[in-house]
Structures are given as C-alpha cells and as structure tokens.
Amino acid sequence: MVPADEVPARTVGQSVGTGALATARGLRGVARGTGRFSRATFRHARRAAGAQGADRSGLNRLIELHACNAAGDAAFAIALAGTIFFAGATSEQRGPVLLFLGLTMLPFAVVAPLLGPFLDRFSHGRRWAIGATFAVRAFLCWVIAGAVTTDSLWFYPAALGVLISSKGYGVAKAAAVPRLLPPEITLVKANGRVSLAGVVGAAVSAPLAGGAAYFGPEWALRFAFLVFVLGTVAAILLPAKVDETEGEVPIPAGKTGGPRRRGLPPKVAFALRANCGPRLLSGFLTMYMAFVLRTDPIDGWEDKTTLLLGLVIGAAGLGNTLGILVASLAKKINPSIMVIVALLADVAILVVAAVFYELLTLVALGLTAGLMQYLAKVSLDSTIQTEVPVRAHASAFARGDTTLQMAWVIGGFLGVIMSWFPTLGLPTAALIVVGWAVFALRVTPKRPEGPHAEPVEAPRQAGRA
C-alpha cells in the first residue's frame, strides 16, 4: 500500500513528465513546421529564380550568387556601422561627413582605371574574376574581425579593400548577365530580377548579422566571412558560358583604357548623362535631409525629427525597392525612353517640393527619387550590355559607375553645404537639376555612320533589350 504522503509527489511527477512530453512534442511540431516553411520558401525562391528560361540559360545561378553577395555586403555594413570608419556618415559634424564623401570615391578610383580594363583583358576567366572578389572579401573580413578588437592599423586598408572588391564584383557581374540571358526575357528584366535577389539576400542576412553583432562587430564580420566563402564556391560553379568569348569582337590596344581610349557609344553616353541627374539628386537628398530635418524640421515635427527623417529616407528606400519590382516584373521597358522619363520625373517632383515644402511633398520626393534612380540605372546597364562590345563591358561599367558615384558625391557635397541655408536648398537643387536636364537632353543619341564608324557588337542574346 502506497503511503498517503507519496501520492501527491508521484502525481506531481507524472504531471511534470506529461507537461515536458507535451512541450517537447510541441517544439518538435514547431521545428517541423518551420523546417517545412523554410524548405517551401527555398523551393519557391529557386523556382522564381529559374522562371522564364533562367534555369536553362544559367541566369538563375547568377541570381542566387547575387543574393549571396548582397547578404555578405549587408553583414559587412552592419558590422562596421558602429565603428569609426562610418561614423562620419551619421555624425552631425559636417567636416567628418565631407571627409567620408571623399573616401567613397577611393574604390572607384581603382575600379575605373585598373579593374575594368583588367577584367576586359581576361574575359575568358569571368567566373574566376567574380570568385576572386568573393575570396578577397572573405579574407579581409577575417582580418578586420581581428583588427576591430585590437585597434590594428590594418582596419582601414582592409575595409577599403572590401569596398573595392565589392565594386569589382558589380562590374564583373554586370558583364556576365548578357551571356546568361534566356530568350524569354529582356536585359532590363534580367537586371531587375538580379537586383531583386539582392534585396532578398540582404533582408535575410541583416537580422542574422545583427544578432551576431550583438556579441560584437567581430562576430558579424565572421558571419560575413562565411557568406563570402560560400559565394566564392558558387561563383566558380557558374555555367561555363560565362567565360565564352565566341563571337566577340577583339578590342585593339588603347580602346579599353589609357590615353588613346575611344569614347562611349552615343546611346551609352546619352544614358550616362541622363543618369547623372537622378544620382546627383540622390546624393543631395541623402546629406541635405540628414542635416536639415534635424536642425530645421517641418512645423509641428520639432520633437519628432528622427521619425520625420525616417519617413523621407524610408520613402526613398521604398522607391528603390519599387523600382526593382517594376524592372523585374514589367513586360518591356525601353531603356532610351526610361532614362529621359526618370530625369524629367525627378525635375518635376523637385520643383514641386521646392515650391510646396511640406511632409507630403518631401515623402513624394524621396519616393520618386528612389524609384527613378533605380529605373534609370537599370536602363543604363541594359544600354551598355547592348551597345558596347562584349570585350569592353567591364571597362564601360567601371567608367559608368565611377561617373555616377562622382555625381552622387557632388550632390552630397552640395547637400552638406546647402544645409547651412535651409530655405535655399531645394530651390538651388531644382535649378541645378533643371540645368543638367537641359544639357543632357539637348542632343539625341545617334549611331555613328560612315566609313570610319566604329563597329559595335552586342552579344547574341542581348539584342532583345
């Protein structure tokens, strides 16, 4: 016979055991559900990446690689967000901000004169070039992870090396897209789909890197190291057609770099000029709003300046995301017309915001600027991919990216300076962008004619953009 005082203990033990078993079963159920959801999400993402013939052409592999690239870059940015390397970008002191703007040009100073022509000369090794940009970033992230804990002098050169490698990847990736273009989609849509994968990759990576950064920036950098190592392997496993040079026109010495370099084709030069307007506006708004909305906010928002800034800058980010969606989903976008539409749309909304300075117009300005900047850039990329000989793609993209970054920096400098004169900021920017629009649109692009016209060869697949 069981003693009376043992019955409650046994009953409690049985209840605890039953509860633990139920909890374990519940956790297993949640794990199974989460696993099924993750696998389903992964399958849907793979299916979307391979839609419209992208799986047959190999474009899906490049789309997945770009998601990995964006994931690594996001982790790197999060890791360094709290370090002194990027302190100037958020500081309210204008001097450090101006210094930061100057530093952003350093990666492009290397990409344009060095990396672009180098990648053109070794176009038969595009996969290895893309893989090298991942491998270099992986190594440097590991170096920086040690440098941030020891205050090593290697921190700055290693960080700049990551930025340079990231820009080099962008150039090499853009040159590889036409080789993997399926017949079912245009270059604009392909570029948009690649960019959309980057948004997804960054969105997935950001919370993971943020969680790692909670224990210290070195852990976020080690996470970035793992992502870049994975990207290195994925880059080398890209389809072999990325390295094919069949049908390409050789580029004589002097045409991809150096003092004897020829100019860009007329359509590309026109698209690049038109792109400088939205890019200059983007740099101006980023810096101008960061200062003015804190020091001279809109009436009624004096005690909510952070929210006010978040609404305007967030609208620009939303516009950029909408641009990616439009480019990836639209059936057809004419690049030559799109760059004009983007420039004129920016001019119109900037004039409206300068005349009616209020929250609604500022949000509309940010949304339009973000949307038009992306649509103009993806149209420029498509124009380069169709109008420039394949063997000169890397140099053309490097020149284009450097020019656009210079426009952004000039806009940023202007924004910092005009933040001292808040009432004149937007009207001054409107006058400058209007003047640039008149300059950029005064000449319509025409293909050169005559016996001395330079032949322009485009990849077989790219002619449908």
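The values are calculated or read from the model by the stated rules, or taken from the named source; none is laboratory data. All values derive from a computational prediction rather than experimental measurement. Don't worry about glycine lacking a Cβ; one is built from the backbone with ideal geometry, like all the others, and counts go over all protein chains shown.
Please work out if Pro157 is of a type outside the set (Val, Ile, Thr), in contact with a Ser or Thr (Cβ under 9 Å, 6 or more places away or on another chain), surrounded by fewer than 20 Cβ atoms within 10 Å (Cβ to Cβ) and at pLDDT below 85. If you could, list the steps in order and put the result at the bottom.
On the way: of a type outside the set (Val, Ile, Thr): yes; in contact with a Ser or Thr (Cβ under 9 Å, 6 or more places away or on another chain): no; surrounded by fewer than 20 Cβ atoms within 10 Å (Cβ to Cβ): yes; at pLDDT below 85: yes.
So Pro157 does not fit the description; no.
Just one of the listed residues (Thr423, Thr444, Thr428) is closer than 25 Å to Ile333 by Cβ and either hydroxyl-bearing (Ser, Thr, Tyr) or modelled with pLDDT of 85 or more (or both), namely Thr444.
Filtering the stretch 378-395 for residues that are of a type in the set (S, T, N, Q), under 25 Å from Leu293 (Cβ atoms), surrounded by 18 or more Cβ atoms within 10 Å (Cβ to Cβ) and out of contact with any Leu (no Cβ under 6 Å at 6 or more places or on another chain) leaves an empty set. Among residues of the stretch 354-371 that are in contact (Cβ under 8 Å) with a residue 60 or more places away in the chain and under 12 Å from Leu285 (Cα atoms), those with a Cβ under 8 angstrom from a residue that is among the charged types (D, E, K, R) and assigned to a helix (DSSP H, G or I), sequence gap 6+ or separate chain, pair up as Ala369/Asp346.
For the stretch 233-240, does any single residue satisfy the condition of being touching a residue at least 12 places away in the same chain (Cβ under 8 Å) and either in contact with a Ser or Thr (Cβ under 6 Å, 6 or more places away or on another chain) or polar (S, T, N, Q) (or both)? No - not one qualifying residue is present in the stretch 233-240.
In the set (1) modelled with pLDDT of 90 or more; (2) of a type in the set (Val, Ile, Thr); (3) crowded, with 21+ Cβ neighbours inside 10 Å, the condition left unmet by Ile324 is number (1). If you check Tyr169 against the conditions, is it of a type in the set (Ser, Thr, Tyr) and more than 19 Å from the chain's Cα centre (by Cα)? No; evaluated as a whole, the condition is false for this residue.
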